[in-house]
Structures are given as structure tokens and as C-alpha cells.
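Colleague: Here it is, the structure in full.
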Amino acid sequence: MNQNINKNRLFFASCLALITTAMAFAIRAGIMNDLTVTLGLSDTEKGWINQMAFLGFPIATMIGGPLYNSLGPKKLGFIAFFGHLLGITFTLLSNSFWPLFLSTFLIGFANGMVEAAFNPLIANMYDENKTTMLNRFHVWFPGGIVIGSLIAFALTQMEMPWQVKIATMYLPTLIYGFLFFGQQFPEQTGGTISSSNAENFRAIFTSPLFWFMMICMTMTATTELGTQQWVERILGNSGAEPLLVLALVTGLMAVGRFFAGPIVHSLNITGVLLASAIISAIAIYLMSSATGAMVYVYAVLFAIGVCYFWPNMISFVAEYMPKTGALGMSLMGGAGMFGASIFQPIIGSWLDSNREKVLAQGVAQEAAELAAGQATLASIAIIPMILVVAFGFLFFFMRNKKAITAHP
């Protein structure tokens with residue numbers, strides 16, 4: 001690799017780009033009640049807006065993945081940068097459903113370009129240590145959510161408008177753009193991460209395992225992100241502070257991902273995925289009936305469960321199906337966000353319908369909000385239960401298979 005390439009700076013800038021993505025997620029979760037009060041939006045309408053953030057992501061990865069070999073991470077990274085700038089600005093100017101709907105899509109598109117550009121960049125730069133470095137990169141999705149959650153919580157306590165919360169996203173965006181500016185990036189030569197699109201497509205479309213993992217990715221992402229995105233609405237009347245729960249969960253996830261290397265090597269990727277599904281299912285089920293301090297206890301268990309889902313789904317592709325290249329990694333990330341996007345209006349409608357059912361029984365508003373959130377969590381718990389079966393099958397299918405080396 002060219003000696004003029006500053007790998008540390010590129011890695012740090014990539015992490016800041018992911019922090020911007022994560023802050024968008026956290027601050028969106030932290031303005032749910034604000035949008036109800038100031039814009040009069042229902043939970044179903046907010047679900048459609050949230051869907052745009054998640055749907056923009058896979059559209060970007062489907063575009064960015066095939067373009068990675070020709071454009072490279074630098075150009076894709078600057079598409080992400082300008083997408084974030086425009087998306088944040090247009091969100092600040094939004095005062096009704098449709099402008100917010102469209103500007104949220106633009107931020108989601110920028111988030112997807114971050115994934116399309118920097119997952120393969122890191123796999124390329126750290127060819128001998130892909131899984132560990134991808135886990136360290138993905139530390140900053142939960143890490144960024146901690147930052148965004150605490151910012152949103154502090155600004156809420158200060159009674160600041162939701163636009164101020166959104167505006168804080170400018171800072172990491174401008175910094176990562178500055179860090180990438182003028183830097184030399186690695187050439188896309190050598191190794192299967194930079195193989196031709198034709199070879200990538202052939203490896204993808206001839207692999208039933210890849211499509212099986214794509215389906216699983218839609219469920220792992222929904223288990224993690226579907227629950228977290230609605231934390232303020234689901235846990236708002238549980239006796240726990242939702243944004244502090246979100247910060248607790250994602251803070252533990254960040255620590256877990258940073259020290260992922262020894263855990264992944266001892267259990268292997270498929271063992272980690274199976275254990276994650278089991279713990280996630282138990283945690284969400286327990287949270288569906290918890291109140292007060294027990295919410296925090298079960299939130300810790302939930303953090304342990306979902307911690308290793310996303311990076312190890314990406315790592316599974318990089319380690320066992322490297323011929324799918326940057327395209328395969330992008331599609332896997334896109335599948336996760338696409339699955340989460342489908343469930344956003346569904347989760348919102350669950351909350352609305354569950355609340356209406358309880359209110360129709362004469363229950364007070366506050367108790368109805370709690371009951372609606374708990375019933376919605378119970379429905380979400382079905383998803384990781386399905387993953388327990390799927391990853392149990394994967395564990396036994398892959399037990400005698402070894403990772404494929406990146407170089408032919």
C-alpha cells in the first residue's frame with residue numbers, strides 16, 4: 001500500500017462519518033415527542049418519516065456498491081458529505097410532514113453512502129485484520145448514538161426546540177469532510193474487495209448462502225434499530241428515561257464492539273450471531289413487561305444481545321464470501337436498513353392501534369401509553385425468536401468451514 005496514505009486519518013474520518021450517521025438516528029429518536037407537539041404528527045406518520053431514513057440507506061448502498069470499483073471511496077465519501085449537509089439543512093427548514101419526509105430521505109441516502117464507501121475501504125486497508133477493524137469502525141455507530149442521545153437529552157432538559165438538536169449534526173459532518181479533503185486513498189487493486197463488478201455479481205447470484213444472510217440481515221437490523229428508533233415512544237411512560245436507556249444500551253454496545261476480537265475468535269462469527277439472537281429475544285421479551293429500574297437492567301441484556309449483529313453480518317460476508325467484494329458488503333448493509341425501513345410504519349401503527357384498544361377500555365392516557373409500548377415490544381420480540389432458529393441452522397452448517405483468504 002502507498003506510503004503516502006495516512007491510514008489512521010482515513011480510519012478516524014470514516015469513524016466520524018459513522019458518528020454523523022448515528023447522531024442522525026439518535027436525535028431523530030429524541031425528537032419524536034417534539035414532532036407530536038409542534039407538528040401534530042401521529043405515530044404512524046412518524047413511522048413513514050422514519051422509513052425514509054432507513055430506505056434512503058439501501059438505495060445508496062445499491063448505487064454506491066457497484067460504483068465503488070470505478071469511483072472509489074473518496075468520491076463516494078464526498079457524496080455522503082454533501083448529502084449530510086443538504087439533508088440537515090432541509091430538515092431544519094421543514095415545518096410539515098412532506099418536507100420532513102423528503103429531507104429525512106436525503107440524510108438516509110448520505111448514511112448509506114458512508115456504509116458503501118468506508119466498509120470496503122477499511123477492509124482494503126486492513127486486509128489481514130478485517131473483522132477486528134470492521135468491529136472497531138462499527139463501535140462508532142453505537143458510540144455516535146450515545147453522543148446524540150446525551151445531546152438530545154440535555155437540550156430537551158434546556159427546553160430547546162427540535163431544530164437545535166438537528167443542527168448539532170453539522171459539527172461531525174464538517175470535521176469528517178475536512179479530514180478527507182486532500183487525502184490520498186488506497187488504489188483499488190489486489191484482493192477480492194476490489195474485484196470486478198461482473199465477478200461480484202456472479203458470486204452474489206450463485207450463492208444461496210448470501211441470500212440467506214441477506215434475509216437474516218433484515219431481521220438483525222430490525223431487532224436492533226427498530227427497537228432503538230422508537231425508544232422514546234415505547235418507554236416514555238415506563239418509569240425510565242428513554243434517552244438515557246438509549247445512551248446506556250449504545251454505550252455498552254460501543255465497548256463490546258471495541259473488544260470484539262477475542263470474543264469473535266473464541267466463538268467464531270456464527271457462534272456470536274446465534275448467541276446474540278438468543279440474548280436479544282430474551283431481553284426484548286423481558287422489557288415488554290418491565291417498569292422502573294428493571295427497564296435499565298433488561299436494557300443491559302438487550303445491549304449484549306444486539307451488540308455484535310451488524311458488524312459480524314458484514315464480517316461474515318468479508319470472511320466467507322470475499323468474491324462478492326465491496327458490492328456484497330454494501331448490499332448486506334443495505335438489506336439491514338431496508339428491513340428496518342419496512343418495519344418503521346408497522347411499529348408506528350402497532351403503537352397507535354395498541355393505544356386505541358386500551359383507551360377504548362377506559363384506561364387513562366398515561367397507562368394506555370405504557371400498555372401500547374409494552375405490547376409493541378412483545379411483537380418486536382418475535383423477530384429475534386425467528387433468528388434463533390435461522391442462526392442455529394447457520395451455526396451447524398458452517399461449523400467445519402474456514403474463512404476464505406482475500407488474495408487468490
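The values are calculated or read from the model by the stated rules, or taken from the named source; none is laboratory data. Only a predicted model underlies this, so the values are computations on that prediction, with no experimental measurement involved. We place every Cβ from the backbone using ideal geometry, glycine too, and count neighbours over all the protein chains shown. Remember, those area values only see protein heavy atoms, side chains included, never the ligands or the DNA or RNA. Shrake-Rupley method; radii C 1.70, N 1.55, O 1.52, S 1.80 Å.
Colleague: Could you tell me which numbered condition Ser349 fails, if it satisfies all but one of (1) touching a Gly at 6+ places or on another chain (Cβ under 8 Å); (2) open to solvent by less than 10 Å² (accessible area, probe 1.4 Å)?
Modeller: (2)
Colleague: Moving on to the next point. With the structure loaded, tell me whether Ala368 is without any contact (Cβ under 8 Å) to a residue 24 or more places away in the chain, among the small types (Gly, Ala, Ser), buried (at least 18 other Cβ atoms within 10 Å of the Cβ) and over 27 Å from Ile63 (Cβ atoms) or whether it fails that test. Steps first, answer last, please.
Modeller: On the way: without any contact (Cβ under 8 Å) to a residue 24 or more places away in the chain: yes; among the small types (Gly, Ala, Ser): yes; buried (at least 18 other Cβ atoms within 10 Å of the Cβ): yes; over 27 Å from Ile63 (Cβ atoms): yes.
So Ala368 fits the description; yes.
Colleague: Across segment 284-316, what is the total count of residues that are of a type outside the set (Phe, Trp, Tyr) and either under 20 Å from Ala371 (Cβ atoms) or open to solvent by 60 Å² or more (accessible area, probe 1.4 Å) (or both)?
Modeller: Taking segment 284-316 first, the residues of a type outside the set (Phe, Trp, Tyr) are 284, 286-295, 297, 299-301, 303-307, 311-315.
Now restrict to residues that are either under 20 Å from Ala371 (Cβ atoms) or open to solvent by 60 Å² or more (accessible area, probe 1.4 Å) (or both): 284, 286-295, 297, 299, 304.
So the answer is 14.
Colleague: Then there's this: Taking Ile278 as the residue in question, decide whether it is surrounded by fewer than 19 Cβ atoms within 10 Å (Cβ to Cβ) and in contact with a helix residue (DSSP H, G or I) (Cβ under 8 Å, 6 or more places away or on another chain). Spell out how you get there, then give the answer.
Modeller: Working: surrounded by fewer than 19 Cβ atoms within 10 Å (Cβ to Cβ): yes; in contact with a helix residue (DSSP H, G or I) (Cβ under 8 Å, 6 or more places away or on another chain): yes.
It is true that Ile278 is surrounded by fewer than 19 Cβ atoms within 10 Å (Cβ to Cβ) and in contact with a helix residue (DSSP H, G or I) (Cβ under 8 Å, 6 or more places away or on another chain).
Colleague: Would you mention how many residues in segment 203-230 are farther than 19 Å from Leu55 by Cα, open to solvent by 10 Å² or more (accessible area, probe 1.4 Å), in contact (Cβ under 8 Å) with a residue 60 or more places away in the chain and assigned to a helix (DSSP H, G or I)?
Modeller: Qualifying residue count, segment 203-230: 3.
Colleague: Restricting segment 30-78 to residues that are among the polar types (S, T, N, Q) and farther than 28 Å from Gly182 by Cβ, which is surrounded by the fewest Cβ atoms within 10 Å (Cβ to Cβ)? Don't jump to the end; show me each part of the working.
Modeller: Let us first name the residues in segment 30-78 that are among the polar types (S, T, N, Q), namely 33, 36, 38, 42, 44, 50-51, 61, 69-70.
From what is left, the residues that are farther than 28 Å from Gly182 by Cβ are 33, 36, 38, 42, 44, 50-51.
Values: Asn33: 15, Thr36: 15, Thr38: 13, Ser42: 15, Thr44: 17, Asn50: 29, Gln51: 23.
So, considering only residues that are among the polar types (S, T, N, Q) and farther than 28 Å from Gly182 by Cβ, the one surrounded by the fewest Cβ atoms within 10 Å (Cβ to Cβ) is Thr38.
Colleague: Given the conditions (1) open to solvent by less than 10 Å² (accessible area, probe 1.4 Å); (2) within 17 Å of Ile380 (Cβ to Cβ); (3) not aromatic (Phe, Trp, Tyr), which single one is not true for Met332?
Modeller: Of (1) open to solvent by less than 10 Å² (accessible area, probe 1.4 Å); (2) within 17 Å of Ile380 (Cβ to Cβ); (3) not aromatic (Phe, Trp, Tyr), only one is false for Met332: (2).
Colleague: Criterion first (open to solvent by 10 Å² or more (accessible area, probe 1.4 Å), under 21 Å from the mean Cα position of the chain (by Cα), of a type in the set (Val, Ile, Thr) and under 30 Å from Cys307 (Cβ atoms)) does Ile88 satisfy it? Full working, then the answer.
Modeller: Values: open to solvent by 10 Å² or more (accessible area, probe 1.4 Å): no; under 21 Å from the mean Cα position of the chain (by Cα): yes; of a type in the set (Val, Ile, Thr): yes; under 30 Å from Cys307 (Cβ atoms): yes.
Criteria not met by Ile88.
Colleague: Further, regarding this structure: So, of the residues in segment 250-275 that are open to solvent by 70 Å² or more (accessible area, probe 1.4 Å) and part of a helix (DSSP H, G or I), which turns out to be nearest to Val146 (Cα to Cα)?
Modeller: Here is the first cut: in segment 250-275, the ones open to solvent by 70 Å² or more (accessible area, probe 1.4 Å) are 252, 255, 258-259, 262, 265-267.
Add one more test, that the residue is part of a helix (DSSP H, G or I), and what stays is 252, 255, 258, 262, 265-267.
On the way: Leu252: 9, Val255: 11, Phe258: 15, Pro262: 24, His265: 27, Ser266: 28, Leu267: 27 Å.
Checked segment 250-275; the qualifying residue nearest to Val146 (Cα to Cα) is Leu252.
Colleague: While we're here: Within the set of pairs 6 or more residues apart or between chains, which connect a residue that is farther than 13 Å from Leu327 by Cα and in a loop (DSSP other than H, G, I, E, B) inside segment 113-141 to a residue that is open to solvent by 10 Å² or more (accessible area, probe 1.4 Å) and of a type in the set (Gly, Ala, Ser) with Cβ atoms less than 7 Å apart?
Modeller: Going by the 7 Å Cβ cut-off, the qualifying pairs are Val139/Ala254.
Colleague: While we're on this one: For segment 39-47, does any single residue satisfy the condition of being at pLDDT 90 or above and under 25 Å from His138 (Cβ atoms)?
Modeller: Scanning segment 39-47 turns up no residue that is at pLDDT 90 or above and under 25 Å from His138 (Cβ atoms).
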